[in-house]
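First comes the structure, then the notes that go with it.
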Amino acid sequence: MMKNLLFYLFMTCSCYAQEIYIVNNLTQLKVIDIQGFTVTNLFTLNINTQDLAFTPDGRLFGISSNGQIFEIDLSNETYNVVTTIPGGDFFTGLVSNSNFELITSATTSEDLYAYNVNTGMLSILSSGMSTPGDFTYYKGNLIYPDNENTYIKAFDGTEIKNIGCSLNQLYSFVNVFEDCETERVYGIDVFARIFLFDFELETAEEVASLGSVTGNIFGGATTSEYMSSNCPQIGLNTVICSLSNPNISYKTVTVFPNPTSDEIILNSSINLDNIQYYILDLSGKTIKTNILNSNSISLKDLSAGFYILALKNSDGEMVFNKRIIKY
């Protein structure tokens, strides 16, 4: 029954995808139909999955936090690891271009990698690029939220520009592509709030909130976003965090170093007195919590991996959250 449903979903989609395939913190694969923002449950991937990408021939791939790239068989609900990026770094984002290359970056070294799924060749394209979330293409440029979730950056193959302001915990970034003039870029935060970006108008409009049905979203992909990599490359305007959505609270807390082997330091523009901190694993389970009595939090007792730092005020309101990495 499920196999028939998967086949139907894939074969009846138009040439221009209207669905966003997402993976959540429990490695559950789901599909969001952006026509009405309905959600279809597919199956659970029994592998740590940070992000997804479709290649031009419709194959779906995923990446794990330790750099395993694997092909996902939607019909048989299985996966097959095709390569592991060496170096022992952490990985969060993935996208395919029109040349059958899967693009990802290492969080610590900030090296940008390309893995050709047809030839098996792995190469380093550039350096100084990293994201806590996802990559996609827009107007021929590779775009992504930066590590501090401050800017949306664009890479044209030579230069990196700040083209918009990011949102807190923006983990998924996808292009619902129709043609080179009609590209809709959606950002999805960890709580499954979906925002439609307009980089020309410098806006980000919240269009849906699906956390109750999707869980915390880690990554996403559309079957068409690779097409944008083949569009004539257009230079994008540089901005200084001027997205006009009044409901978005931009960077109020800086966490460094991240990744870390020891402790994290919090530098804030808000008063952190009586703030309760929570360290959560990727399933949402609280690993440790306490009242902040300094601007540092020790992570010495944690195993290497990804965690979420959450800060709540005395009223129990969450005022900040961020994905952190212990190595």
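Each value in this text was obtained by applying a stated rule to the coordinates, not by laboratory testing. Quick caveat, the model's predicted, so the values are computed rather than measured. In this analysis, Cβ positions are derived from the backbone assuming ideal geometry, glycine residues included, and neighbour counts consider all displayed protein chains.
Here are some notes:
- For the stretch 2-230, the tally of Lys pairs with Cα-Cα distances below 16 Å comes to 4, considering only residues 8 or more apart or on different chains.
- Efficiency of FRET between Thr44 and Ser123 - r from beta-carbon atoms, R0 25 angstrom, step 0.05: 0.20
- As a proxy for reagent exposure, Thr182, Thr260, Thr222 were ordered by neighbouring Cβ count within 10 angstrom, fewest first; the result is Thr182, Thr260, Thr222.
- Calculated [θ] (222 nm, deg cm²/dmol) that DSSP helices of n ≥ 4 give over the chain, each run adding -39,500 (n - 2.57): -1000 deg cm²/dmol
- Averaging 1/r across all pairs of distinct Cα atoms in the chain and inverting the result yields a Kirkwood radius of 19.9 Å.
- Among residues other than Asn116 with Cβ under 15 Å from its Cβ, the summed charge is -2 (Lys and Arg +1, Asp and Glu -1).
- Among Glu206, Glu181, Glu101, a tally of other beta-carbon atoms within 10 Å of each Cβ gives an order, fewest to most, of Glu181, Glu206, Glu101.
- Residues of type lysines that Lys300 reaches as a straight line, Cα spacing below 23 Å, ignoring anything fewer than 8 places off in the same chain: Lys285, Lys288, Lys312, Lys322, Lys326
- In this simple spin-label model, placing a label point 7 Å from the Cα along the Cα-to-Cβ direction at both Asn116 and Glu206 gives a separation of 4.5 nm.
- Going from the fewest other Cβ atoms within 10 Å to the most, the residues Asp156, Asp89, Asp301, Asp189 appear in the order Asp301, Asp156, Asp89, Asp189.
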